[in-house]
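Derivation of every value follows stated rules applied to the coordinates shown; laboratory data play no part. Computed from a prediction, not measured in an experiment: that's the story for all the values here. Note that we place each Cβ from the backbone using ideal geometry, even for glycine, and neighbour counts take in every protein chain shown.
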Amino acid sequence: MKVSPAAMKSMKLYDQIERIHNELHALGIDRESPLAPEDLTPFDQFHYHGTAAVDEAVAELGLDSYSRVLEVGSGIGGPARHVTERAGCHVTALELQPDLSETAEELTGRCGLAKNIDHVCGDILDGGMAGRDFDSLISFLVFLHIPDRMDLFGACLNALKPGGRIYIEDLTRNAEPSEAEWEDLRGKIMCPYLPTHEDYVSQLREAGFENIHAQDMSASWTAFTAERYQAFLVRRPLSVELHGEEVTGGLEEFYRIACNLFDRQVFGGIRVWGTKP
C-alpha cells in the first residue's frame, strides 16, 4: 500500500509548509534573499535532535566529497543541505510531496547548494532509484509512513551499490496501542504500521542487508518530544502571530500526541545501519 501526497497532509507537520517563509520574514529575510543553511536549521529539521542526528549519520557512514547519497523522505531539504555542507557529498533528495520538494529546491538554490543536491519528487516504491548505485542511503523518521516494509527495504537495497550502507532513524512499538491510540497513529501521525525493535532488524536482514546494528533511541526521543512540546507552548503566541490559529493549533496537536505516545511508552525509537552485500 502506497501513501498518497494528499493523505500526508493529515499530519500537520507537513501541512501549510509555506510557514517557513513566515519564520524567515520575521527574521528580516525576504523571499529573494540568499540564505545560509544555518539560517534554516531551526525550521527545516523535522526529525528528532535536528542536525546532531544528521551529524551522526555523516560520521557513521564516513561521508566525504566522493560520496553519493540518497535521502528518502527529504522534506524541505534540511538534512540534505546539512549533509552536503558538512561532507561535501552529492545528495539525491527524494520527497513524495510536491509542495515540500518544490520548497526544498527553492531553499537549496538560495543557499547556493544546487550543484550538490538534486531534489526529486517521487516515491521510493516506484523503483525510480533502482540501479543508481548510491554509496549510502539515509532516512529520518519517514519509513513510519510506509507499511510495506519488504517492498520498502527491497527498494532501498536496489538503490545501493554493492557494499553500500543505510542509516535509518524510525519509530518502533514498545507497547500495543489502544484503539484510541491507533486512531491517532493512523490519522494524526500517518503511521499505519509499527514494528517492534526486533521486527525491524529482522525485516532488514530478511530483505538482504548484512552487518546490521541498531540503537534503541526510546529514552532519548521521549525526552526530546517532551521538551519540544513544552518549547512550542512557550512560543505559541508568536506562532499564532506568524501563522494563525488554525496552523498553530494543528502543530500543537501533533506535538502533544507524539509527546504522549512516547510518554506512555507506546512509541519506541530505533537508529539502525547496515550494509548491502
Sparsely packed GluC sites (Glu not before Pro) within the range 18-68, loop by DSSP, other Cβ within 10 Å at most 16: E18, E32
Protection proxy ranking of 3-11, 219-227 - average other beta-carbon atoms within 10 Å, highest first: 219-227, 3-11
Rounded FRET efficiency, nearest 0.05, which uses the C-beta distance separating R236 from I212 and R0 of 41 Å: 0.50
Separation of the T196 and E60 label points, Cα + 7 Å toward Cβ, nm: 2.2 nm
Measure of compaction for the range 208-263 (Cα Rg per 2.2 N^0.38 Å): 1.54
Nonlocal amide H pairs with F267, under 5 Å, H built at 1.01 Å: N174, F262
Length-normalised contact order of the range 60-139 in % [C-alpha pairs under 8 Å, at least 6 apart]: 38 percent
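Loop only by DSSP, 11 or fewer other Cβ within 10 Å of the Cβ. Give me the GluC sites (Glu not before Pro) in the range 87-151 that pass, ordered by residue number.
For GluC sites (Glu not before Pro) across the range 87-151 that sit outside H, G, I, E and B with at most 11 neighbouring Cβ atoms in 10 Å, the list is empty.
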Counted charge near C111, where neighbours are those whose Cβ lies closer than 9 Å (Asp, Glu -1; Lys, Arg +1): 0
Cross-link pairs beyond the 28 Å C-alpha cut-off, checked among K2/K188; K9/K161; K2/K161: K9/K161
Candidate aspartates and glutamates - alpha carbon under 17 Å from K276, same-chain residues fewer than 8 apart omitted: E60, E71, D133, D135, D151, E206, E210
Ellipsoid semi-axes in whole angstrom, largest first, where each is sqrt(5λ) of the Cα gyration tensor of the chain: 27, 25, 16
Computed [θ] at 222 nm, helices only, for the chain once each DSSP H run of length n ≥ 4 contributes -39500 (n - 2.57): -14500 deg cm²/dmol
Cα-based Kirkwood hydrodynamic radius, the range 1-121, one decimal, Å: 14.6 Å
Over the chain, relative contact order from alpha-carbon pairs under 8 Å, at least 6 apart, %: 21 percent
